[in-house]
Amino acid sequence: MEGWRGAWYVPCLASLETLQELCRKENLRCKSIGITNRNLKSYEVEYLCDYKVDEGTEYYLVKWKGWPESSNTWEPLKNLKCPLLLQNFLSDKNEYLSRVKEGKALKVKNHVKALKPAVADYIVKKAKQRIALQRWKEELNRKKNHKGMILVENTVDLEGPPLDFYYINEYKPAPGINVINGITTGCECSDCPAEKCCPKEAGFLLAYNKRKKLKIQPGLPIYECNSYCRCGPDCPNRIVQKGTPYSLCIFRTNNGRGWGVKTLQKIKTNSFVMEYVGEVITSEEAERRGQLYDNQGNTYLFDLDYDSDEFTVDAARYGNVSHFVNHSCDPNLQVFNVFIDNLDLRLPRIALFSTRTIKAGEELTFDYQMKGSIDLTSDSADGLSPSRKRIRTVCKCGAVCCRGYLN
Ligand SMILES: [Zn+2]
Ligand SMILES: [Zn+2]
Ligand SMILES: [Zn+2]
């Protein structure tokens with residue numbers, strides 16, 4: 001089944017500056033590391049690092065795109081044609097000053113008015129963060145295969161992209177896990193859902209109404225049409241397989257919950273929002289990893305307990321946007337088990353659907369304890385072995401009904 005293809009990503013060990021230097025030496029353009037036609041032939045400002053006033057003339061220290069920081073030069077303001085970068089510089093300076101309440105940004109030494117080192121240091125860190133987040137955003141949008149855009153935003157601290165996270169679109173079975181493709185047939189409907197449509201054959205109701213909204217109770221499985229079905233891509237029973245239709249933003253939360261995800265578009269109730277993907281590992285491996293992970297890493301382990309407890313999805317290192325969705329005890333997303341091209345009951349796909357209308361700009365959350373199994377009355381955390389339960393993580397979701405702990 002095509003869905004199980006996947007590669008192991010190997011991070012490049014050479015620094016960005018080394019790669020840029022190599023490119024320049026060989027006269028090679030490489031847009032993804034910032035070596036373009038423009039800065040091979042002439043100079044382009046990447047960001048502004050520092051500021052001084054010498055004999056009445058204003059100067060900015062310029063970091064040149066594609067050149068190491070040792071090549072930075074002071075340029076008079078009148079030569080600079082980068083209004084956006086100037087604006088970033090000034091807003092970062094003001095933000096720093098308002099945060100540390102240090103008063104003046106400049107000090108005078110030998111008749112030269114110069115920026116205090118701490119201020120310049122912050123501005124450079126902020127500029128580097130901005131570039132790193134922009135590059136990460138481009139990478140995420142290059143790798144994702146769904147319609148919605150992924151934006152990245154941090155107006156809270158200096159945290160950059162996560163270092164050990166690799167974007168994937170679908171489950172990635174860990175080495176040694178044999179995923180057998182269960183299907184050989186699909187439905188013959190000319191207009192789904194007819195008499196013997198996929199959900200009916202599996203013994204369940206069609207999950208969606210005519211407006212493509214979910215109409216079944218939590219806990220019930222979704223059987224979508226698959227690659228053997230006679231129906232085309234416009235079949236109303238093909239929703240999760242088409243991927244996230246909404247533009248979403250990975251943002252830094254301002255109350256210690258790390259990254260979070262918010263929607264940039266209004267989402268109606270009972271809509272498919274995103275899939276939860278990661279490495280598929282055995283439950284024994286999940287036990288082992290659960291003991292190695294800190295309490296943060298533990299929250300990425302999602303047991304596939306629809307029918308058995310053989311497999312767990314680990315989204316700690318490999319995942320999609322769902323990796324960044326926070327827990328809430330009063331969530332706006334609900335988990336459903338989905339079967340499409342794989343009818344193996346041990347390996348449902350996990351889809352998150354909205355439980356109410358979600359406004360543009362609102363944070364998306366789901367309940368980490370809801371595993372989407374039919375028996376919702378039992379506390380699924382009780383099913384975890386003692387090793388996984390040992391570390392308790394304090395919940396900061398802020399809901400009135402907050403249970404106090406994530407696990
Ligand atoms: Zn059908
Ligand atoms: Zn079908
Ligand atoms: Zn169909």
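The values are calculated or read from the model by the stated rules, or taken from the named source; none is laboratory data. None of the values given here were measured: they were computed from a predicted structure. Glycine also receives a Cβ, built like all others from the backbone with ideal geometry; neighbour counts cover every protein chain displayed. Just the protein is used for accessible areas: all its heavy atoms, side chains included, with ligands, DNA and RNA removed. Shrake-Rupley method; radii C 1.70, N 1.55, O 1.52, S 1.80 Å.
Each row is one residue, and each column tells you yes or no for (1) more than 12 Å from ligand 1 (Cβ to nearest atom); (2) within 24 Å of the chain's Cα centre (by Cα); (3) crowded, with 19+ Cβ neighbours inside 10 Å.
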{"position": "160", "(1), (2), (3)": "yes, yes, no"}
{"position": "169", "(1), (2), (3)": "yes, yes, no"}
{"position": "172", "(1), (2), (3)": "yes, yes, yes"}
{"position": "177", "(1), (2), (3)": "yes, no, no"}
{"position": "186", "(1), (2), (3)": "no, no, no"}
{"position": "193", "(1), (2), (3)": "no, no, yes"}
{"position": "196", "(1), (2), (3)": "no, no, no"}
{"position": "203", "(1), (2), (3)": "yes, no, no"}
{"position": "211", "(1), (2), (3)": "yes, no, no"}
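Looking across the range 41-69, the residues that are of a type outside the set (Ser, Thr, Tyr), farther than 16 Å from residue 132 by Cβ and exposed (fewer than 15 other Cβ atoms within 10 Å of the Cβ) come down to 41, 54, 55, 56, 58, 68. Annotation: of all residues in the range 343-352 being part of a loop (DSSP other than H, G, I, E, B) and open to solvent by less than 10 Å² (accessible area, probe 1.4 Å), the one that is farthest from residue 238 (Cα to Cα) is 347. Test residue 332 against the stated conditions and say whether it is closer than 28 Å to residue 203 by Cβ, among the polar types (S, T, N, Q) and in contact (Cβ under 8 Å) with a residue 24 or more places away in the chain. Answer is no for this residue. Can you confirm whether residue 144 is surrounded by 18 or more Cβ atoms within 10 Å (Cβ to Cβ) and touching a residue at least 24 places away in the same chain (Cβ under 8 Å)? When the stated conditions are applied, residue 144 passes them. Of the strands (runs of 3 or more DSSP E) lying entirely inside the range 22-115, those containing at least 2 residues that are within 34 Å of the chain's Cα centre (by Cα) span 45-54, 57-64. The residues of the range 248-266 that are touching a Cys at 6+ places or on another chain (Cβ under 9 Å) and either among the aromatic types (Phe, Trp, Tyr) or more than 22 Å from residue 144 (Cα to Cα) (or both) amount to a single one, 257.
For the residues 128, 81, 101, the requirement of being open to solvent by 60 Å² or more (accessible area, probe 1.4 Å) and at pLDDT 95 or above singles out 128. Of the numbered criteria (1) assigned to a helix (DSSP H, G or I); (2) in contact with a Phe, Trp or Tyr (Cβ under 9 Å, 6 or more places away or on another chain); (3) within 30 Å of residue 239 (Cβ to Cβ), the one residue 141 fails is (2).
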